[in-house]
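Take a look at the structure set out below.
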Amino acid sequence: MFLRPMQFISSTTNFNFVAHRWWGFGVTIILVILTIAALFIKGLNLGIDFKGGILIEVKASQAIDIGSLRNDLGTLNLGQVELQQFGSPNDILIRIQRQEGEEAGQMKAVQAVRNKMGTSYEYRRVEVVGPTVGKELLNAGILATLLAVAAIAVYVGFRFEWQFGVAALIATFHDVFVTVGLFSVLQLDFNLTAVAALLTLAGYSINDTVVVFDRIRETLRRQKTNDLAVIINSAVNQTLSRTIMTGGTTLLALLPLLFLGGDTLINFSAAITWGILIGTYSSIYVASALLLYMPPLRRIEAVKKPAA
């Protein structure tokens, strides 16, 4: 006796996604315009990693209560203060925004933190990140994201055909770009964690797209006489249950992080949650629909039409 796979959506669905592609393109254009406007008007709320600031690594003899320590340091009026636990519960990294003044101003802030925390902590590392280093980190983060998107497109083009690679490049860049827009609109801290979220999102987004592309390629081989629009609709409908199940289960894991993760995880969880929704939509209405306008596929479709 074989167990049937769980399905919340029937495998026989026949939604005409291609017929509504212009609505999808319209949503895409609106999101891109809003992102560009937000970046010009508000810009990005750069975090300490990119603006420069103070890094303090400390270790305690017992688990550190991050919430209590954050409240204590908040009374020092040092501006933006970020606390991040790493390694064991006894280790914590404190980031403080760059203070007014040169070296003396930064050392004054470090001493204020030491006085507030007391002698029960072991101060393992104290670094001052200047604005020049922060700018270099920002440029490196942008370059890493662009190279990741380009590498994904090259792989898809090599694995399938070049038109699939172009569609994947546009769709993945769209997902990453409008997620950057989310950071700008909500003025979330854009730091190295945000860059990590964008790279994670690019990988997740292309996963959905590749599944749909693979089904399109298989259907093209089996049904060479069909209209390309029919083939795309068939492929998207066949993978719809898998797409929704994958996105839904991932969202179930992310929602607790989004609402209960606190300030430390809000950037990462918000970006990935938004990215899952956008990535699922773009794999259907952006990547797949763009194949209709790729010359090689259109020529294949034209050759297979019967003569009048």
Those helices of the chain passing the 18 Å axial Cα length cut-off and the mean Kyte-Doolittle cut-off of -1.0 (DSSP H runs only) are 21-41, 103-117, 131-159, 162-186, 192-222, 228-260, 266-282
Among residues other than Lys59 whose Cβ falls under 9 Å from its Cβ, what is the net charge (Lys/Arg +1, Asp/Glu -1)?
-2
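If R₀ is 45 angstrom, what is the calculated FRET efficiency for the pair Arg159 and Asn77, using the beta carbon separation as r and rounding to 0.05?
Result of the calculation: an efficiency of 0.25.
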Between Glu103 and Arg124, Cβ-based FRET efficiency (R0 25 Å, step 0.05) works out to 0.75
Euclidean distance of C-alpha centroids, region 53-97 and region 105-122, integer Å
11
State which stretch of the chain is the longest one without any exposed GluC sites (Glu not before Pro), exposure meaning a DSSP loop state and at most 12 other Cβ atoms within 10 Å.
103-308
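At 222 nm, what helix-only mean residue ellipticity would the chain give, in deg cm²/dmol to the nearest 500, using -39500 (n - 2.57) for each DSSP H run of four or more? Intermediate results must be reported in sequence, preceding the final value.
Details: 10 runs with 194 residues, N = 308.
Result for the chain: -21500 deg cm²/dmol, rounded to the nearest 500.
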Applying the gyration tensor rule to the Cα atoms of region 53-129 (axes a ≥ b ≥ c; rounded if a/c under 1.5, else prolate if a/b exceeds b/c, else oblate), the class is prolate
Signed unit charges on C-beta, dipole axis of the chain, positive-most listed residue Ile232, Thr179, Gly203:
Ile232
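With the Cα gyration tensor of the chain giving a ≥ b ≥ c as the square roots of its eigenvalues, does the rule (a/c under 1.5 for rounded; else a/b larger than b/c for prolate; else oblate) give rounded, prolate or oblate? Walk me through the intermediate numbers first.
Working: a/c = 3.16, a/b = 2.26, b/c = 1.40.
Prolate shape, in that a/c is at least 1.5 and a/b is the bigger ratio.
Values quoted throughout were computed directly from the atomic coordinates according to the rules given, and no laboratory measurement underlies them. Not measured: the values here are computed from a predicted model. Neighbour counts are summed over all protein chains in view; Cβ atoms, including those assigned to glycine, are modelled from backbone coordinates with ideal geometry.
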